[in-house]
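Q: Structure provided below as structure tokens; questions to follow.
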């Protein structure tokens, strides 16, 4: 009589990590599933390996709507349903007496669900990171660099539940390739300047002139854009009574972006039988909330230091990971809309040569008391006539004119041109009112009588 098979071979295990472990540790045994003699482990030893991994990654579902233990074994290990049922019966029979004697539940007869991911380890390190770069060392901070290396390791391979990678390339023909920028005009001179040279005035500031922002240090010019005008208006926060001038900019070349908005939906890849799986789960748990952390609002009085952590993260993503920019949620627009920042190397806007025209801007007029007028804005471009030496006007110096043109067009800028002003995209809005989403909170006053016993030292 042939001996009964009591082992499972590595060929009958679909999970590659577990199959590799069984092949490395096993001996040639008769397999209960395929009936062939191959490298395998006794079913009892295999049950312990599987149960250890399940206990670390799954919890009992008290609603009884989860997955049975046998089905969970089959799903996670990639074994047949018959093997899953055999392992469940084996462990359940061993647990039954102990559970009944102690008045406890036999968990192998319960249903299971995935254990919630724990983001606390990295959440604490994020707090330490912010404290370190604000109060200890901003440059050459080895501790911060090591943590960023760990957090963003293999970030390009992460995808959401639909399979969409968080690292994506946006091409010029896509709808996402058009971004809106705006500036606040506080008096009549501002909109005139913006409309005469929108490529310069509405584009990113010149090198060395940028103020500190969420994703850039002072002096480092980047391109902040919104996917729509309303989001852009919320970001620049124009006050009532001012004008806001907006323009659209079109991508001219593909750019590689890290989509922080997708981080909230990324899934964990790998085998639960891999000892490193738990660490990856902790990292993914934190990354799922990191997009919201990056977008947290910073109060105006705290901007000098409040943006330091996000500036360092953005610089790391640009310099170490080689991305052209980020996609992130707009907190000013309530978190429902998205912004794009293009880092310095991808922030150059195509120069528009206006050396042969004179431009005049007519802002129209409007009588607030009479509620009458014409506030249509007209831009007139007139060809510039050659200098008339006979009229007593000295001809322009060609070398000086060429130097000015070269300076304006940034011919010495080594960066590739990435954006251009979209034709007929200029919009001017007069801000008559603002709207805030401000849910009210009640205030309750409580008053207590003083008790003489409160002053006693015991």
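Q: Between the alpha-carbon centers of region 1-51 and region 177-205, tell me the distance in whole angstrom.
A: Computed from Cα coordinates, the inter-centre distance equals 70 Å.
Q: If you wrap a convex hull around the Cα atoms of region 7-114, how much volume per residue is inside, in Å³?
A: Spelled out: Cα convex hull of region 7-114, divided by residues, is 92 Å³.
Q: Within region 42-80, list the residues whose amide N lies under 20 Å from a label point set 7 Å along Cα→Cβ of residue 23.
A: Only 42-43, 46-47, 49-50, 76-80 fall inside the zone, counting backbone N under 20 Å.
Q: Here is a further query. Given region 224-363, report the % of alpha carbon pairs whose separation exceeds 27 Å.
A: Within region 224-363, distances greater than 27 Å cover 37 percent of Cα pairs.
Q: Cα-based Rg of region 121-346 per 2.2 N^0.38 Å, rounded to two decimals?
A: 1.07
Q: Give, in whole angstrom and from largest to smallest, the semi-axes √(5λ) of the equivalent ellipsoid of region 162-267, with λ running over the eigenvalues of the Cα gyration tensor. Present the calculation step by step, with values, prior to reporting the outcome.
A: Working: eigenvalues 161, 45, 44 Å².
Listed largest to smallest, the semi-axes of region 162-267 are 28, 15, 15 Å.
Q: Run the numbers for residue 156 and residue 64: contour at 0.36 nm per residue of separation, minus the present Cα-Cα distance, in nm.
A: Residue separation times 0.36 nm, minus the Cα-Cα distance, leaves 29.4 nm.
Q: Which FRET efficiency value, to the nearest 0.05, is calculated for residue 353 and residue 143 with the Förster distance at 56 angstrom and r the Cβ-Cβ distance?
A: Numbers: r = 49 Å, r/R0 = 0.88.
That pair, residue 353 with residue 143, gives E of 0.70.
Q: Oh, and also: Can you give the FRET efficiency for residue 190 and residue 168, using 1/(1 + (r/R0)^6), R0 = 45 Å, r = Cβ-Cβ distance, to the nearest 0.05? Walk me through the numbers before you get to the answer.
A: Numbers: r = 36 Å, r/R0 = 0.80.
Using R0 = 45 Å, I get an efficiency of 0.80.
Q: Between residue 380 and residue 438, take the C-beta separation as r, use R0 = 41 Å, and let me know the FRET efficiency to the nearest 0.05. Present the calculation step by step, with values, prior to reporting the outcome.
A: Working: r = 44 Å, r/R0 = 1.06.
The calculated FRET efficiency here is 0.40.
Q: How do 345, 253, 214 line up, fewest other C-beta atoms within 10 Å first?
A: Going from least to most buried by this count: 253, 345, 214.
Q: Find how much the distance from residue 237 to residue 81 grows on full extension, using 0.36 nm per residue of separation minus their present alpha carbon separation; answer in nm with one decimal.
A: Working: separation 156, 0.36 × 156 = 56.16 nm, distance 6.00 nm.
Fully extending the segment from residue 237 to residue 81 adds 50.2 nm.
Q: Which length gain, in nm to one decimal place, applies between residue 96 and residue 430 when the Cα-Cα distance is subtracted from 0.36 nm times their residue separation?
A: 112.7 nm
Bear in mind these aren't lab numbers, they're just calculated from the coordinates by the rules spelled out. None of the values given here were measured: they were computed from a predicted structure. Cβ sites come from the backbone with ideal geometry, for glycine too, and all protein chains shown count toward neighbours.
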